[in-house]
């Protein structure tokens with residue numbers, strides 16, 4: 001079991017990573033100052049509930065916590081204002097007060113939704129993340145929570161830090177293969193933006209990671225969380241540095257939006273986006289091996305690296321114009337200089353971006 | 001023209017109170033760092049728009065600002081998630097980005113709604129308050145923003161500080177008499193909780209205030225804002241001290257909720273609530289003159305001090321159980337000790353509260 005601390009002054013919190021943590025949840029919550037006198041709400045989804053809800057709930061109840069639960073349909077569709085309103089109703093009817101915690105049991109969708117509920121119910125409650133996917137190692141660190149608007153993803157949200165992230169790697173054993181790969185996409189991203197040797201480690205240990213070997217998972221998750229925690233600690237409100245975490249996300253979010261949420265998993269879309277970013281890096285002067293290496297790492301993790309031809313370049317360009325990284329009409333991108341090093345580049349011409357999107361359909365060079 | 005500063009470290013902001021400020025809005029926004037490169041959204045309501053929207057919009061456009069607007073129906077009904085979602089759609093289609101401002105032109109409803117939009121659009125934009133009611137001198141200071149849930153008022157919200165409050169007292173001249181009185185209710189509340197001489201000033205200058213005499217308004221608003229700013233500066237997140245601002249609000253919110261939003265103006269409901277608090281204070285040991293003085297001040301401002309008999313005591317008690325000031329099942333109240341001095345009392349018996357509610361129907365002692 002390892003513990004990392006996300007260092008944010010009075011909003012600092014621990015990330016605990018290990019095996020068998022669900023059954024110890026009660027004592028971990030108590031250590032974070034969450035009390036048994038108020039009811040607490042577990043939000044989870046229809047995939048996760050049958051596997052882990054009872055285990056978490058009874059672990060907490062056996063320590064004296066009063067628990068109410070809400071199960072949302074699995075999938076990005078639950079990150080909607082309609083489901084958000086249902087969660088608010090559940091919180092009110094469950095009697096939650098300002099000392100209550102909202103506990104997210106699940107992947108990124110549940111974390112984002114529950115986090116926004118926690119951020120805004122009575123203007124803010126305690127928030128606990130219990131991630132059950134690899135992808136969530138990314139979304140559970142940093143305090144960005146949100147729901148989607150029909151016109152754009154993650155448009156409605158807040159910065160709301162958890163008081164605890166409890167990462168039981170045993171829960172990852174039930175992940176479908178495609179979600180394993182999609183989760184590893186964010187893991188290798190943390191290597192690509194910050195730590196060359198970790199990026200190489202991800203590629204070299206791809207087989208163990210894909211086979212969900214616990215030691216490899218614990219190391220990879222801890223390292224991935226540590227990179228994210230380091231970046232977030234230096235820039236909580238995403239003024240500048242924190243934007244580097246969005247490597248691949250500008251194109252990736254546009255792919256998700258126009259393909260209809262669901263055709264691509266988030267990690268798959270940003271894998272294609274990271275290939276696009278590498279291509280941009282090479283155009284702006286990086287060594288061409290940057291692109292081939294990026295592609296080989298993503299392929300080792302069984303991730304897509306080519307954009308399907310049926311997605312219209314015009315639609316992707318249009319979807320990008322809603323992206324939060326566009327300020328005052330300029331196109332801004334996180335661009336790699338080499339494996340393990342990126343920069344935030346402002347004022348990239350939309351013609352160059354259009355070229356890159358077209359090129360992504362042709363596959364790697 | 002007077003300027004107050006709400007002192008919240010890096011979130012400090014000015015409150016500017018005076019005549020003719022709408023037409024100078026552009027230069028005030030620029031001084032607060034809001035730039036012309038991004039579009040900005042004015043949210044106002046159907047009462048305020050015909051009176052002041054064009055004036056504010058053209059003042060801003062003449063300084064180079066690009067403005068989009070949204071007009072919501074006047075009244076508490078617009079503090080709903082449905083209207084909130086419409087505002088998000090307007091913000092997206094209007095092209096707002098992270099450097100944009102959401103500008104609230106109106107009273108407390110518009111301020112709360114626009115503030116919550118600003119707090120959560122792209123995880124937070126600049127927020128500017130341009131209050132056009134007396135009541136808004138209270139809601140525009142302190143950063144509490146929210147919409148209502150059908151089951152309880154202000155249940156969904158955030159703490160989000162404005163970067164500027166621009167209080168043009170000329171806009172108050174069009175207020176209906178009933179709203180003038182309701183606004184003065186929060187003004188005298190600031191005297192009752194913090195400043196005995198200001199409470200007496202409000203009573204002694206009731207005629208000038210009710211007649212909207214500009215000098216009296218400027219003094220009263222500045223003093224009321226200053227009390228609130230002082231309390232908020234000492235306790236931004238409402239841990240303890242800030243709760244005193246809720247004098248009269250526990251009973252007041254319950255009255256509003258069960259009477260149906262609209263029968264009572266907020267300031268009217270809390271006037272009755274403040275009489276209830278004074279009764280509670282006397283029961284807990286304060287001099288009986290506390291109640292008679294409180295009633296005489298409220299009457300001087302033409303506010304109601306008696307609860308209509310058709311409102312059920314049971315319903316009021318039940319509505320109070322959803323109040324955010326109830327932690328872990330205890331009933332907590334802000335209770336006056338004397339004019340100008342209050343304390344937060346925990347664990348008051350619900351029997352005593354029920355007695356007080358019944359007594360409020362009988363009028364003052």
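Whole-percent P(r), segment A:177-361, all Cα pairs, 5 Å bins from 0: 1, 9, 18, 22, 21, 17, 9, 3, 1, 0.
For peptide A:32-39, the mean count of partner chain Cβ atoms within 10 Å of a residue's Cβ comes to 1. Taking the Cα of residue A:151, stepping 7 Å toward and past its beta carbon, and measuring to each backbone N in segment B:23-50: which are under 15 Å? Answer for segment B:23-50: B:39-43.
Take each residue of peptide A:88-97, count the partner chain Cβ atoms within 10 Å of its Cβ, and average: the result is 4. Based on the alpha-carbon gyration tensor of segment A:2-174 and its eigenvalue square roots a ≥ b ≥ c, which shape applies: rounded if a/c is under 1.5, prolate if not and a/b is larger than b/c, or oblate? Rounded, because the longest to shortest axis ratio a/c is under 1.5. When the Gaussian network model of chain B links Cα atoms closer than 10 Å, the mean-square fluctuations of B:178, B:11, B:90 top out at B:11. Reported to the nearest whole Å, the Cα centre-to-centre distance from segment A:278-320 to segment B:246-261 is 57.
Take the alpha-carbon centre of segment A:73-142, take the same for segment A:210-238, and report the distance between them in whole Å. With segment A:73-142 and segment A:210-238 each reduced to a Cα centre, they are spaced 21 Å. Remark: mean inter-chain Cβ contacts per residue of B:137-149 equal 1, using a 10 Å Cβ-Cβ cutoff to other protein chain atoms. Sorted from shortest, what are the nm distances separating the label point of residue B:30 from equivalent points in the other copies, each placed 7 Å from Cα along Cα to C-beta? With the label placed 7 Å along Cα→Cβ, residue B:30 yields 6.1 nm. Here the Gaussian network model covers chain B, with springs between Cα atoms less than 10 Å apart; of B:313, B:93, B:125, B:93 fluctuates the most. The C-alpha atoms of chain B define a longest principal axis, and helix B:289-300 lies at about 40 degrees to it. A simple packing score, the average count of other Cβ atoms within 10 Å per residue, orders the peptides B:140-153, A:104-117 as A:104-117, B:140-153, with the highest score first. Of the two radii for chain B, the radius of gyration is 0.96 times the Kirkwood radius, both from the alpha carbons; that is the Rg over Rh value. Apply 1/(1 + (r/R0)^6) to the Cβ-Cβ distance of residue A:173 and residue B:46, taking R0 = 56 Å, and write down the FRET efficiency to the nearest 0.05. Using R0 = 56 Å, I get an efficiency of 0.45. Spin-label model, residue A:7/residue B:343: points 7 Å from Cα along the beta carbon direction are separated by 4.3 nm. Label-point distances for residue B:77 to the equivalent site in the other copies, using a point 7 angstrom along Cα→C-beta, read 3.2 nm when ranked shortest first. Structure remark: mean-square fluctuation, Gaussian network model of chain B, C-alpha springs under 10 Å; the largest value among B:132, B:250, B:120 belongs to B:120. Compared with the direct C-alpha span, the chain from residue A:35 to residue A:196 gains 53.7 nm at full extension, assuming 0.36 nm per residue. Scattering from the protein assembly as shown was approximated by placing one identical point on each alpha carbon and applying the Debye formula without solvent; log10 I(q)/I(0) at 0.07, 0.12 1/Å stands at -0.52, -1.28.
In this simple spin-label model, placing a label point 7 Å from the Cα along the Cα-to-Cβ direction at both residue B:313 and residue B:55 gives a separation of 4.8 nm.
Between residue B:63 and residue A:66, the modelled labels are 5.1 nm apart [label points 7 Å from Cα along Cα→Cβ]. Between copies, residue A:204 shows label-point distances of 8.2 nm, shortest first, with the point placed 7 angstrom from Cα along Cα to C-beta. Helix B:249-258 and the longest principal axis of the Cα set of chain B meet at an angle near 80°. When only Cα pairs below 8 angstrom with a gap of at least 6 residues are kept, chain B shows a relative contact order of 15 percent.
Each part reduced to its alpha carbon centroid, segment A:164-207 and segment B:1-46 end up 46 Å apart. Each peptide in B:210-223, B:186-199, A:212-225, B:263-276 was scored by the mean count of other Cβ atoms within 10 Å over its residues; highest first, the order is B:263-276, B:186-199, A:212-225, B:210-223.
What is the antiparallel percent of DSSP beta bridges lying wholly in segment A:2-174, to the nearest 5? Counting only bridges with both partners in segment A:2-174, antiparallel ones make up about 30 percent. Axis angle, to the nearest 10 degrees, between helix A:81-93 and the longest C-alpha principal axis of chain A: 20 degrees. Compute the projected area of the convex hull of the Cα atoms of segment B:212-290, averaged over all viewing directions, and report it in nm² to one decimal place. The directionally averaged projection comes out at 7.3 nm².
Readers should treat all values here as calculations from the given coordinates under stated rules, not as data from a laboratory. All values reported here derive from a predicted model rather than from experimental measurement. Cβ: placed from backbone, ideal geometry, glycine included. Neighbour counts: every protein chain shown.
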